[in-house]
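The values are calculated or read from the model by the stated rules, or taken from the named source; none is laboratory data. All values derive from a computational prediction rather than experimental measurement. Virtual Cβ from ideal backbone geometry, glycine too; neighbours counted across all protein chains shown.
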Amino acid sequence: MPQTVNLSINLNKIALLRNQRDVGYPSVIEAAETLIAAGVQGLTVHPRPDERHIRKSDVVELAALLEAHPGIEFNIEGYPSEDFLELVCRVRPDQVTLVPDAPEQSTSDHGWPVAEQRDLLTTVVARLHEAGPRVSLFMDPEPETMAEVRALGADRIELYTGPYAVAFGGPDSAETLQRYALAGRAAAGCGLGVNAGHDLTLENLPPFLAAHPDLQEVSIGHAFTADALWLGLEGAVHAYLGALAGRRRKSA
């Protein structure tokens, strides 16, 4: 039987809305508390250097909040700049997901070129392990690279699912899903945990889940926040937990 897949909600879009005006709401912390009460298993943030959405102060406040909720995992994503590494080593989340983002990128759009960045990643993974967090690398669905990721000392990968979301429902959908399934299988086969995230939705999540029996966590932000405009935060959590449990979304 497939294992339970944890739902981690990315809070970036809530922070982005808050930052549009200097009034302090919607509160990232209140949103986190609502999500926890609704049943999520994790919270994700991706602080960027310009703090256009999640701020360093949010990271610190969320870490303090989650001390009272030891069953909820805290996942911090980001490029391993010195500022980022100092922050995550200070707050010590459950998981750090390393992404190869340039500062000006609007969102993550590719995985690590492991062969080109081997020295950097080996050093960073070792430093993070010394501080305590589990380390995941944001990766494209390339089965042949998974053994290299494991050799770096990483604990997990997060499959970048943007291309899957683009292909979903089209003529290349089945082939694309198969490529992801092979990558997930290769990762699990060499001892890596498997996470996934980017543009996963209530519609495309169930078939992705069915193809990945080793999947441990999905991180969802943009689609979740959009759905919450209609469903509310609690309703959106219940809908995504239902999708992870294999229940199809009912038509309005």
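For Pro141, all conditions in the list (1) touching a strand residue (DSSP E or B) at 6+ places or on another chain (Cβ under 8 Å); (2) farther than 22 Å from Pro207 by Cβ hold save one; what is the number of the exception?
Failed condition: (2).
Residues to consider are Ala211, Ala245; find the one that is closer than 20 Å to Leu177 by Cβ and at pLDDT 95 or above.
Being closer than 20 Å to Leu177 by Cβ and at pLDDT 95 or above holds for just one of Ala211, Ala245, which is Ala211.
Can you tell me which of (1) of a type outside the set (Phe, Trp, Tyr); (2) assigned to a helix (DSSP H, G or I); (3) under 17 Å from Val96 (Cα atoms) is the one Ser136 doesn't meet?
Unmet for Ser136, out of (1) of a type outside the set (Phe, Trp, Tyr); (2) assigned to a helix (DSSP H, G or I); (3) under 17 Å from Val96 (Cα atoms): (2).
Output the residues belonging to the stretch 5-25 that are more than 15 Å from Val45 (Cβ to Cβ) and free of Cβ contacts under 8 Å to residues at least 40 places away in the same chain.
Matches in the stretch 5-25: Gln20, Arg21, Asp22, Val23, Gly24, Tyr25.
Quick one: which residue in Ala31, Ala38, Ala15 is closer than 15 Å to Leu241 by Cβ and of a type outside the set (Asp, Glu)?
Matching residue, one of Ala31, Ala38, Ala15: Ala38.
Could you please find all residues in the stretch 77-91 being under 20 Å from Gln117 (Cα atoms), out of contact with any Lys or Arg (no Cβ under 8 Å at 6 or more places or on another chain) and of a type in the set (A, V, I, L, M, F, W, C)?
Phe84, the sole residue that qualifies.
Of all strands (runs of 3 or more DSSP E) completely enclosed by the stretch 146-252, which ones contain at least 3 residues that are hydroxyl-bearing (Ser, Thr, Tyr) and out of contact with any Pro (no Cβ under 8 Å at 6 or more places or on another chain)?
none
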